[in-house]
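Chemist: Okay, here's the structure, questions in a sec.
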Ligand code: AMP
């Protein structure tokens, strides 16, 4: 038995068996280093990035400890964003498949308060959420944390970046001090050390590389000295590689919008996400990018947080990141799960110092020919239909599939991702069939009602 076998840990039999059904054969480095300590009950700081398997590390820790018979909140996981909280909750649910009747609740901002209160009244074992909303529940006394035995701070560096320090302190104060505390962070600045000193008890620090194989991500560097050159380079790279999903990083909000607008002007299917968008605009951009109806998303590092898309073909740094850690984090978003990915970085002659700080072998690459600028731009495979009805109108994904298929409709396998939110639903259909799909769903009643449906473009 090797030390990276999950069976060396003494996990509950059900949890262990489920891991092999999930195809988790061996522990990732961060799991092998942290799980023995976590299961011993120690406080642990894990320096793990997305992709390292950190969620399963703390997820298994809290599930192993859990008493499902007691309907009290026993663990709480704080995450910087709603997207990340959803992602963490779904990973924990996967890990918990062998435990019957387990309730895992997400409590995040941007979602209505009422239903969260209702769910809390029914009792839950694990809460995953964002600090602001959890603090609000504590203030309104709709949430009690007196029985919490384990607290997890996930992506702690980002929570601090986002100004959640006070909220975290308020939450920690309401949790019994004999708890176990785990903290995960991609970087380890002074602020993390400070918060660890305040909220943790003699923590062990484990540091593990992420599981991306560096070899599957090919990095290219292109020198572009003027704004025009930079924009041209971006267009050439997108036109040459024709990615289904490419993430373009800019260093400022303003740039993300300008770059996305300019790309759209040249016919690319591109959107920006940044902090000035409202929740609905942001959700729509993420939905359209993840359902493959928009192929380029232009983002700041902050806005790209928690963006959970496994199949990025390409990451382009329109601006070089200020910090080598961030650069590595950006390019690690492509080439996940053994896929090959392309990472391209545009830099100017004024940025060579920042480039040196990356401490990797950089050979400047020659930009592909600008004849690519004249080539037609690849249209996304999918198109999004927006339906003016959602959970509040009791619409479910099945109703939408029903409204699109059947007589005069389109085949079910031409339907992509369906997202139902409170008042709207989004469904991706193959672009070639969008007209018949729209006609069919407009002529049909869904749940006995006619909803407004339109193409998002
Ligand atoms: P995370 O770093 O927690 O975001 O996890 C990255 C991905 O790796 C997730 O999709 C997990 O489902 C997967 N994963 C976590 N642990 C293992 C493992 N031991 N073996 C295989 N896949 C894993």
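The values are calculated or read from the model by the stated rules, or taken from the named source; none is laboratory data. Keep in mind the model is a prediction, meaning the values are calculated, not measured. Neighbour counts run over all protein chains shown; Cβ positions are idealised from the backbone, glycine included.
Chemist: Can you run down the residue pairs with Cβ atoms below 7 Å, 6 or more apart or on separate chains, where the first is in the stretch 42-58 and at pLDDT below 90 and the partner is assigned to a helix (DSSP H, G or I)?
Modeler: From residues that are at pLDDT below 90, the pairs are 48/30; 48/54; 49/329; 51/336; 52/30.
Chemist: Specify the residue that is modelled with the highest pLDDT; the eligible residues are those in the stretch 212-234 that are part of a helix (DSSP H, G or I) and under 26 Å from the mean Cα position of the chain (by Cα).
Modeler: Initial filter on the stretch 212-234 (part of a helix (DSSP H, G or I)): 214-216, 227-234.
From what is left, the residues that are under 26 Å from the mean Cα position of the chain (by Cα) are 214-216, 234.
Working: 214: 46, 215: 45, 216: 58, 234: 97.
Ranking the candidates gives 234 first.
Chemist: Residue under question is residue 51, and the condition is that it be part of a loop (DSSP other than H, G, I, E, B) and within 14 Å of the ligand (Cβ to nearest atom); does it hold?
Modeler: On the way: part of a loop (DSSP other than H, G, I, E, B): yes; within 14 Å of the ligand (Cβ to nearest atom): yes.
Considered against the rule, which asks whether it is part of a loop (DSSP other than H, G, I, E, B) and within 14 Å of the ligand (Cβ to nearest atom), residue 51 comes out as yes.
Chemist: Looking at the stretch 14-30, can you tell me whether even one residue there is away from the ligand (no atom under 13 Å from the Cβ), more than 21 Å from residue 196 (Cβ to Cβ) and surrounded by fewer than 18 Cβ atoms within 10 Å (Cβ to Cβ)?
Modeler: yes
Chemist: Of all residues in the stretch 123-145, count the ones that are in contact (Cβ under 8 Å) with a residue 40 or more places away in the chain and surrounded by fewer than 15 Cβ atoms within 10 Å (Cβ to Cβ). Step through it out loud before you land on a result.
Modeler: First, pick out the residues of the stretch 123-145 that are in contact (Cβ under 8 Å) with a residue 40 or more places away in the chain: 123-131, 134, 143-145.
Keeping just the survivors that are surrounded by fewer than 15 Cβ atoms within 10 Å (Cβ to Cβ) gives 123, 144.
Going through the stretch 123-145 one residue at a time, the tally reaches 2.
Chemist: Since residue 35 meets every condition but one in (1) near the ligand (Cβ under 8 Å from one of its atoms); (2) over 17 Å from the mean Cα position of the chain (by Cα), which condition does it not meet?
Modeler: (1)
Chemist: Criterion first (in contact (Cβ under 8 Å) with a residue 40 or more places away in the chain and exposed (fewer than 13 other Cβ atoms within 10 Å of the Cβ)) does residue 348 satisfy it? First the steps, then the outcome.
Modeler: Details: in contact (Cβ under 8 Å) with a residue 40 or more places away in the chain: yes; exposed (fewer than 13 other Cβ atoms within 10 Å of the Cβ): no.
No.
Chemist: Could you check the stretch 254-282 and list, in sequence order, the residues that are assigned to a helix (DSSP H, G or I), surrounded by fewer than 22 Cβ atoms within 10 Å (Cβ to Cβ) and out of contact with any helix residue (DSSP H, G or I) (no Cβ under 8 Å at 6 or more places or on another chain)?
Modeler: Result: 254, 255, 257, 258, 261, 264, 265, 279, 280, 281.
Chemist: Restrict the check to the stretch 341-354 and report whether at least one residue is within 16 Å of the ligand (Cβ to nearest atom), assigned by TED's automatic domain parsing to the domain that holds residue 234 and at pLDDT below 90. Write out each step before concluding.
Modeler: Of all residues in the stretch 341-354, those within 16 Å of the ligand (Cβ to nearest atom) come to 341.
Now drop any that are not assigned by TED's automatic domain parsing to the domain that holds residue 234, which leaves 341.
Filter once more, so that each one left must be at pLDDT below 90: 341.
Yes; the residues of the stretch 341-354 include at least one that is within 16 Å of the ligand (Cβ to nearest atom), assigned by TED's automatic domain parsing to the domain that holds residue 234 and at pLDDT below 90.
Chemist: Test residue 57 against the criterion of being in the same structural domain as residue 185 (by TED's automatic domain parsing), within 14 Å of residue 181 (Cα to Cα) and within 16 Å of the ligand (Cβ to nearest atom), and give yes or no.
Modeler: yes
Chemist: Do we have any residue at all in the stretch 72-87 that's surrounded by fewer than 18 Cβ atoms within 10 Å (Cβ to Cβ), away from the ligand (no atom under 15 Å from the Cβ), farther than 27 Å from residue 117 by Cα and in the same structural domain as residue 147 (by TED's automatic domain parsing)?
Modeler: Taking every residue of the stretch 72-87 in turn, none turns out to be surrounded by fewer than 18 Cβ atoms within 10 Å (Cβ to Cβ), away from the ligand (no atom under 15 Å from the Cβ), farther than 27 Å from residue 117 by Cα and in the same structural domain as residue 147 (by TED's automatic domain parsing).
Chemist: If you go through the stretch 91-113 one residue at a time, do you hit one that is assigned to a helix (DSSP H, G or I), away from the ligand (no atom under 16 Å from the Cβ), assigned by TED's automatic domain parsing to the domain that holds residue 183 and farther than 22 Å from residue 9 by Cα? Spell out how you get there, then give the answer.
Modeler: At the first step, the residues of the stretch 91-113 found to be assigned to a helix (DSSP H, G or I) are 91-95, 113.
Okay, now just the ones that are also away from the ligand (no atom under 16 Å from the Cβ), so 113.
Next cut, assigned by TED's automatic domain parsing to the domain that holds residue 183 only: 113.
Then keep just the ones that are farther than 22 Å from residue 9 by Cα; that gives 113.
Yes.
Chemist: Looking at (1) at pLDDT below 85; (2) over 30 Å from residue 366 (Cα atoms); (3) surrounded by fewer than 17 Cβ atoms within 10 Å (Cβ to Cβ), find the lone condition where residue 162 falls short.
Modeler: The one condition residue 162 does not meet is (3).
Chemist: Same structure again: Given the structure, is residue 11 at pLDDT 90 or above, part of a helix (DSSP H, G or I), more than 12 Å from the ligand (Cβ to nearest atom) and buried (at least 19 other Cβ atoms within 10 Å of the Cβ)? Full working, then the answer.
Modeler: Details: at pLDDT 90 or above: yes; part of a helix (DSSP H, G or I): no; more than 12 Å from the ligand (Cβ to nearest atom): yes; buried (at least 19 other Cβ atoms within 10 Å of the Cβ): yes.
No: the conditions fail for residue 11.
A quick yes/no check of all residues on (1) loosely packed, with under 14 Cβ neighbours inside 10 Å; (2) free of Cβ contacts under 8 Å to residues at least 60 places away in the same chain:
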position: 395; (1), (2): no, yes
position: 402; (1), (2): no, yes
position: 411; (1), (2): yes, yes
position: 438; (1), (2): no, yes
position: 453; (1), (2): no, no
